[in-house]
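Student: Starting off with a structure, shown below.
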Amino acid sequence: MKLNKQEILNALKTITVPGEGQNMVDSGAVTNVVTFADEVIVDITIKNPSLQARKKTEVEILQTIHREVYEKAKIKVNIKVEAPATPQPKNEIKGKPIPGISNIVAVASGKGGVGKSTVTANLAVTLAKMGFKVGVLDADIYGPSIPIMFDVANERPLSVNVDGKSKMKPVENYGVKVLSIGFFTKPDQAVIWRGPMASKALNQMIFDAAWGDLDFLLLDLPPGTGDIHLSIMQALPITGAVVVSTPQNVALADAKKGVAMFQQDSINVPVLGIVENMAYFTPEELPTNKYYIFGQEGAKHLAEDLEVPFLGEVPIVQSIREAGDVGRPAALQTATPIEEAFETITKNVVEQVVYRNENLPETEAIKITTMAGCSAVKKK
Ligand SMILES: Nc1ncnc2c1ncn2[C@@H]1O[C@H](COP(=O)(O)OP(=O)(O)OP(=O)(O)O)[C@@H](O)[C@H]1O
Ligand SMILES: [Mg+2]
């Protein structure tokens, strides 16, 4: 049996990659087809990075060629994932542009301990794996945990000279640049930051740091909706916010407040969506059993109620906690359900950023000049 390249292409033309509208040959997803005797190699490039999408596409190609061309064809499919187009820069605002930083995404919650830092760290490494240039700024003045999660707690940013000015060089691990308020405090010392001190430190980490070119700067915010959030939004044109919640009512109520904070008129930061963390527990020995310890789909329903996108869910998995503690975010472990969960969430975040940059006006850093203005913003 000698396979014919054109027949293979005709068969592939019956497959449409979800979201592309056209069949995979006309859309350009099929980049090469080589045949020899009864063997065929198909090279394709797809935009969807999830393991599930890759598997589904591969299975569809195998089935179609076997059905339409030759049932005993030996097929090899090489799938390359194309990094989505880099969202266009939107942060050049009047007064304080941040040169080189295209998008600033704040990760917030409302309630503490729901997994903001865990989500931030895993989002960051997943973005880096997809080929984006990523930085994380740990703005949690109460409990900075990013240095531990990236295994850089004992490092300190060096000073570098950029155009005659001395700047702080973020430390780097797993392809992610990191700065944290934790680098400037002693680990076991409780630090009582006064608002202005915290603002000053954060401002320095943003404007006096040599971040270089970044597609995304992720901000790990402290829990709550307080002064520190306000000063960050005063200082920075935030592209959008990701709100993390667990499914239980107490966390949802606080997540709602978090969403409301970003959406109020005087702040107006687009909410990119809600992530449901600790969505369910699955024991390793019973992988099909899901236990909804904190209730089922609470954050998903909240997203529907508030009409903001639902970005995806992360189960409670012991290895996520362990990975955080040893400083190697769990999403770095390839071919696992955790990697897949974070790939879905990350892809959704990127999609929302692209949508937001195409459809909404740029965020301006809010300007609050008087205490009256300040309390008005807080009270609303
Ligand atoms: N999906 C998960 N599965 C297992 N453990 C998790 C998961 N998400 C978070 N954790 C663990 O829960 C704890 C709290 O998570 P994390 O520090 O990310 O929360 P946080 O919202 O940043 O907290 P804080 O409000 O104190 O900043 C950590 O020990 C973390 O490893
Ligand atoms: Mg945290």
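The values are calculated or read from the model by the stated rules, or taken from the named source; none is laboratory data. Note that this is a predicted model, so its numbers are computed, not measured. Here Cβ is always computed from backbone atoms with ideal geometry, including for glycine, and neighbour counts include all displayed protein chains. Remember, those area values only see protein heavy atoms, side chains included, never the ligands or the DNA or RNA. Shrake-Rupley method; radii C 1.70, N 1.55, O 1.52, S 1.80 Å.
Student: Could you state the accessible area per residue of segment 5-81 in Å², with a 1.4 Å probe and every protein chain left in place?
Tutor: 56
Student: Moving on. Place a +1 charge on the Cβ of each Lys and Arg in the chain and a -1 charge on the Cβ of each Asp and Glu, then give the dipole magnitude about the Cα centre in debye, rounded to the nearest 20.
Tutor: Rounded to the nearest 20 debye, it is 780 debye.
Student: List every DSSP H helix in the chain whose Cα atoms extend 15 Å or more along the helix's own long axis and whose mean Kyte-Doolittle hydropathy is at least -0.5.
Tutor: Passing helices, by number: 116-129, 195-207, 249-263.
Student: Using packing as a proxy for protection, rank 61-71, 156-166, 135-145 so that the peptide with the highest average count of other Cβ atoms within 10 Å comes first.
Tutor: 135-145, 61-71, 156-166
Student: For the cross-link pairs K257/K347; K200/K257; K111/K177; K129/K347; K257/K300; K47/K129, which exceed 18 Å when the distance is taken from alpha carbon to alpha carbon?
Tutor: Too far apart for the 18 Å limit: K257/K347; K200/K257; K111/K177.
Student: Please compute the Cα-Cα pair-distance distribution of segment 259-333 with 5 Å bins starting at 0, giving whole percents from short to long.
Tutor: Histogram of Cα-Cα distances, whole percents per bin: 3, 14, 18, 17, 17, 14, 10, 4, 2, 1, 0.
Student: Using the Kirkwood radius built from alpha carbon pairs, what does the Stokes-Einstein equation give as D for segment 5-81 at 4 °C and 1.567 mPa s, in µm² per second?
Tutor: Result for D is 105 µm²/s.
Student: When ranked by the protection proxy of mean other Cβ atoms within 10 Å per residue, highest first, what sequence do the peptides 106-113, 37-44 form?
Tutor: Highest mean packing first, the order is 106-113, 37-44.
Student: Sticking with this one: Go from 0 up to the bin containing the longest alpha carbon distance in the chain, width 10 Å each, and give me the % of pairs per bin.
Tutor: Per 10 Å bin, starting at zero, the Cα-Cα P(r) for the chain comes out as 5, 22, 29, 23, 13, 6, 2, 0, 0 percent.
Student: What relative contact order, as a whole-number percentage, does the chain give when Cα pairs under 8 Å and 6 or more residues apart are counted?
Tutor: Once divided by the residue count of the chain, the mean separation gives 18 percent.
Student: Also, quick follow-up: Can you give the local net charge around E304? Use residues other than it whose beta-carbon is closer than 13 angstrom to its beta-carbon, Lys and Arg +1, Asp and Glu -1.
Tutor: Spelling it out: positives minus negatives among the neighbours equals -2.
Student: Quick check on the chain: helices-only [θ] at 222 nm, where DSSP H runs of length 4 and up contribute -39,500 (n - 2.57) each and the sum goes over total residues. Nearest 500, please.
Tutor: Only helices count here, giving -10500 deg cm²/dmol.
Student: Which number comes out as Rg/Rh for segment 183-305 once both Rg and the Kirkwood Rh are worked out on C-alpha atoms?
Tutor: Ratio value, two decimals: 1.05.
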